[in-house]
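Student: My questions all concern the structure below.
The values are calculated or read from the model by the stated rules, or taken from the named source; none is laboratory data. Note that the structure is a prediction, hence the values are computed from the model and not measured. Because the Cβ atoms are built from the backbone with ideal geometry, glycine has one as well, and the counts that use them run over all protein chains shown. We work out accessible area using only protein heavy atoms, side chains counted, and drop any ligands, DNA or RNA first. Shrake-Rupley method; radii C 1.70, N 1.55, O 1.52, S 1.80 Å.
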Amino acid sequence: MLQLQKRINDKSAKLGIVGLGYVGLPLALAFSQAGFRVLGFDIQQKRVNLVNQGKSYISDVSNDSLSSVSNRLLEATTDQGRLNEVDAICICVPTPLTKTKEPDLSYVIHESEEISKYLKPGQLVILESTTYPGTTREVILPILERSGLKVGADFYLAFSPERVDPGNKKHNIKNTPKIVGGIDPQSTTLAELLYRQVADIVVPVSCPEVAEMTKVFENVFRSVNIALVNELAQLCERMGISVWEVIDTASTKPFGYMPFYPSPGVGGHCIPLDPYYLANKAREYDFHTRFIELAAEINERMPYHVASRIAEALNTQGKSLNGAKVLVLGVAYKKDLADFRESPSLKLIRLLGEKGAEVDYNDPYIPQIQLTQNTLSSVELTMECLSSADCVVIATDHSCYKMEEIVTLSKLVFDTRGATRGFSSNNIVRLGE
Ligand SMILES: NC(=O)c1ccc[n+]([C@@H]2O[C@H](COP(=O)([O-])OP(=O)(O)OC[C@H]3O[C@@H](n4cnc5c(N)ncnc54)[C@H](O)[C@@H]3O)[C@@H](O)[C@H]2O)c1
């Protein structure tokens, strides 16, 4: 342990970051900018080549920052055999759901098996992927100990959740407190020391389970609050009250309230998935997380709700959804991002298509999307394209969209994000009003 402490302190430790995606690439960059030699691992040769060429494919990592760290400090490889070159390993692989919404730990398990093959005395292994409480101890530890090495004595193991918020210009790895929970006190101490090299504040906790539960709780907190406001939006529609005005008004309270906004649903690799990780694990303890599952259900129903409101809006103009030309603006799950994983826009496009609408989309960040049956390409956002659509749906309010132009040129605008607030035009219909 002392040797690794010394190597972290004098920055001679070499770090392995496994999974160079939204979480892994910024982390690899942060450690190499702090002066550590980093070896990034990914199974996608294309990503490895890009990193080695100093080219970024993640919006929060600029080409300049990636190419400014020398190849000596940041290198990427697909060769897992090189795991034995590093002193500490951060696992940042995906934790998706199966088709039936069960946790799919296959990436984590596969990677643990790889690490176990090459595990060497003194190494520190940290899981960063979001998962249910118990994963580090119950799933990863036994696999690593198959190597014959013992945790606490021969190697160290901790969980440290990634709290990155893609697209957030204010909060990043450095100024977002990092939680660490080791299997044993030495593992916590080492993980804490390691992350102190890149984060201003590191919060050690008593065990990996607390760190794992904290991360899922943070995401469940968002999911529940988003569901609450989505439910309120639907009630406001019935009552003829603007939910947007209600939220703005509630936001004048300086304490005890935090605004969340209605939307066509939740997306990304966290909020739609993580509640299921917890709900599923809870069942092992004969416990039903009703609140959490209700929130997921409300959020997942939002694209259906939006689709039927679009149909109603067309109806008031004497048109039916069947045969209507619908232009969906924004398929990213969040504004100004190029990530459309689990995006509600995808479901919305599918639902509108199933009802007979002719659907096109525009997203300046996402040139193509793969739907179950077909591939769609982003159309150019021309005046002609706006004016020829029977309905233009603002699904993601990217900053580059010129709302005034959209409202002026479109026959009907269905706004799911409150992006047209402030405009009072008869052709606008908003979610939550
Ligand atoms: N995206 C976010 O905003 C965010 C935020 C916090 C936490 N997380 C969590 O972090 C984890 C990673 O998410 P992400 O968004 O970075 O995913 P991602 O899909 O962007 O990146 C994962 C990378 O891992 C690679 N990979 C998969 N298996 C591998 C293996 N065996 N060896 C090497 N590389 C492998 C993939 O090719 C991919 O490049 C997930 O558990 C997620 O829930 C994500």
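Student: Hey, if you put +1 on the Cβ of every Lys and Arg and -1 on every Asp and Glu Cβ in the chain, which of TYR361, PRO259, ILE179 ends up farthest toward the positive end of that dipole?
Tutor: ILE179
Student: Which entries of LYS325/LYS402; LYS170/LYS253; LYS101/LYS347 have Cα-Cα distances beyond 26 Å here? Kindly include the intermediate steps, with their values, before the conclusion.
Tutor: On the way: LYS325/LYS402 21 Å; LYS170/LYS253 23 Å; LYS101/LYS347 16 Å.
Listed pairs above 26 Å: none.
Student: Mean residue ellipticity at 222 nm from the helices of the chain, using -39,500 (n - 2.57) per DSSP H segment of n ≥ 4 over the full residue count, to the nearest 500 deg cm²/dmol? Could you put the intermediate results ahead of the total?
Tutor: On the way: 14 runs with 164 residues, N = 433.
That comes out to -11500 deg cm²/dmol.
Student: What dipole magnitude, in Debye to the nearest 20, does the chain give about its Cα centre under +1 on Lys/Arg Cβ and -1 on Asp/Glu Cβ? It would help to have the intermediate numbers written out before the result.
Tutor: On the way: 45 positive and 51 negative charges, 104 e Å.
Dipole of the chain, to the nearest 20 debye: 500 debye.
Student: Now a separate question. Lys and Arg at +1, Asp and Glu at -1: add these up for the other residues within a Cβ distance under 9 Å of GLY16 and post the number. Working shown, then result.
Tutor: Values: positive: LYS14, ARG82; negative: GLU85, ASP87.
Taking every Cβ under 9 Å from that of GLY16, the sum is 0.
Student: Sticking with this structure for a sec: Within the set of other residues whose C-beta is less than 9 Å from the C-beta of LEU27, count the net charge using Lys and Arg as +1 and Asp and Glu as -1.
Tutor: On the way: positive: none; negative: GLU128, GLU162.
Residues near LEU27 contribute -2 overall.
Student: Follow-up. Which whole-angstrom value gives the distance between the alpha carbon centres of the range 344-397 and the range 127-146?
Tutor: After rounding, the separation between the Cα centres reads 40 Å.
Student: Next up: Provide, as a two-decimal number, the C-alpha radius of gyration of the range 107-182 over 2.2 N^0.38 Å, N being how many residues it has.
Tutor: Values: Rg = 14.1 Å, N = 76, 2.2 N^0.38 = 11.4 Å.
Here the Cα radius of gyration is 1.24 times the empirical estimate.
Student: Considering only protein heavy atoms, what per residue accessible area in square angstrom results for the chain with a 1.4 angstrom probe?
Tutor: Details: 19580 Å² over 433 residues.
For the chain, the per-residue accessible area is 45 Å².
Student: Next question. Among bridges DSSP assigns within the chain, what percent are antiparallel (round to 5)? Write down the numbers at each step before the final one.
Tutor: Details: 6 of 46 bridges.
Taking every DSSP beta bridge within the chain, about 15 percent pair in antiparallel fashion.
Student: Mind jotting down the distance between the C-alpha centroids of the range 24-100 and the range 419-433, whole Å?
Tutor: About 44 Å separates the Cα centre of the range 419-433 from the one of the range 24-100.
Student: Tally Lys/Arg at +1 and Asp/Glu at -1 over every other residue whose Cβ is under 11 Å from the Cβ of CYS385; what's the total?
Tutor: It works out to a net charge of -2.
Student: Evaluate Rg over Rh across the chain, taking Cα atoms for both radii and Kirkwood's formula for Rh. Don't jump to the answer; show the numbers that get you there.
Tutor: Working: Rg = 23.6 Å, Rh = 23.3 Å.
With Rh from the inverse mean 1/r over Cα pairs, Rg/Rh is 1.01.
Student: How compact and how long is the range 257-387, expressed as Rg and Dmax of its alpha-carbon atoms in Å?
Tutor: 17.0, 58
Student: Under 8 Å for C-alpha pairs, at least 6 residues apart: give me the relative contact order for the chain, rounded to a whole percent.
Tutor: Values: 861 pairs, mean separation 48.1, N = 433.
In percent, rounded to a whole number, it is 11.
Student: Still on this structure, please answer the following. Could you pull out the trypsin sites (Lys or Arg not before Pro) across the range 1-77 that fall in loop regions by DSSP (anything but H, G, I, E, B) with no more than 14 other Cβ atoms inside 10 Å? Display every interim value, and only then the final one.
Tutor: Numbers: sites: LYS6, ARG7, LYS11, LYS14, ARG37, LYS46, ARG47, LYS55, ARG72; in loops: LYS11, LYS55, ARG72.
For trypsin sites (Lys or Arg not before Pro) across the range 1-77 that sit outside H, G, I, E and B with at most 14 neighbouring Cβ atoms in 10 Å, the list reads LYS11, LYS55, ARG72.
Student: Within the range 130-186, what whole-number % of the accessible surface is contributed by carbon and sulfur, with the 1.4 Å probe and all protein chains included in the calculation? If you can, show how the numbers build up before the last one.
Tutor: Numbers: 1270 of 2350 Å².
With neighbouring chains kept in place, the figure for the range 130-186 is 54 percent.
Student: Under 22 Å from the Cα of LYS117, which lysines turn up, not counting those fewer than eight places away in the same chain?
Tutor: Answer for LYS117, where 22 Å is the Cα cut-off: LYS14, LYS150, listed by chain and number.
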